[in-house]
1. If you roll a 1.4 Å probe over the heavy atoms of the protein chains, what accessible area per residue do you get for segment 27-130, in Å²?
2. For K173, list the lysines whose Cα falls under 27 Å from its own Cα; do not include residues on the same chain fewer than 8 positions away.
3. Along Cα→Cβ, 7 Å out, is where each label goes; now give me the distance between the ones at S117 and S102 in nm to one decimal.
4. Roughly to the nearest percent, how much of the accessible area of the chain is carbon and sulfur, given a 1.4 Å probe?
5. Rounded to the nearest 0.05, what FRET efficiency do E29 and E124 give with R0 = 35 Å and r taken as the Cβ-Cβ distance? Could you check?
6. To the nearest Å, what is the center-to-center distance of segment 159-200 and segment 45-83, using C-alpha atoms only?
7. Over segment 21-69, what relative contact order in percent results from Cα pairs under 8 Å that are six or more residues apart?
8. Dipole magnitude of the chain about its Cα centre, charges +1 at Lys/Arg Cβ and -1 at Asp/Glu Cβ only, in debye to the nearest 20?
Amino acid sequence: MLTEALQRLADGRGGVIGVEPDLVIEPDESWTPVTELLREPYALLIELIDETAARWNAPRHVGAALFWKTYSYWHTLPMALGWALDGRVPIMRVADTYFKVSDAGVTVAATRVSWGSGAHVIGEALAESQRPLVKAIEAVAKVGERTLWGSTAEAFAHPLTSIVPGDYMRLLKEIGAPVDGLIEPAGDGYFRRTCCLWITLPDVEPCGSCCVLRPPRPRPAA
């Protein structure tokens, strides 16, 4: 069910999608193991961050946040959709995950995928496969973990409001830290409680979910 949904998404986007619809690949030379991003002194990770920063004429920490926003979205999307569709969650362990730069920014896939169910499985997957990258990005670009995890939290909220309906707030709460509490529902949409840093670029409009657009909370009565 999930792979069919991903294929429909890819078809609707003219093939521009940041995860292989079948999830599993036999990598050729165009693919790079994600573990290379974690190899100190993080030369490849810094290269990708600096390329992103140069593309937007941004400082390194903003490039890092935008790179992570893209990577975390596509890595998280299959878990979010699988949870909402039939409860089967695909797990791409970091040792099995590959990526390549693509028209979607980055595309991810794995040499093998295991399947689980429940929010706790997703939480374990985030700890195993995303937390090491968050730590590395924080180390090389001085961008806060809360900012980075906010993008992961949005990567659950966005597809469950725009692709497959799902109770993303319940999911985030059940996953718990580090993604719970970083998204606030608002009508049919949501706002982030952290900024992805896109708004810091010159001459751009804020994302529709940007925390700067959140209406002020009413003050309690005296």
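The values are calculated or read from the model by the stated rules, or taken from the named source; none is laboratory data. Since the structure is predicted, the reported quantities are computational estimates derived from the model, not experimental observations. Every residue, glycine as well, gets a Cβ built from its backbone with ideal geometry; the counts of neighbours run over all protein chains shown. These accessible areas exclude ligands, DNA and RNA; they are computed on the full protein's heavy atoms, side chains included. Shrake-Rupley method; radii C 1.70, N 1.55, O 1.52, S 1.80 Å.
1. 43
2. Answer for K173, where 27 Å is the Cα cut-off: K69, K135, listed by chain and number.
3. Output for this residue pair reads 2.9 nm.
4. 51
5. 0.65
6. Centre-to-centre (Cα) distance: 17 Å.
7. 22
8. The calculated dipole for the chain is roughly 900 debye.
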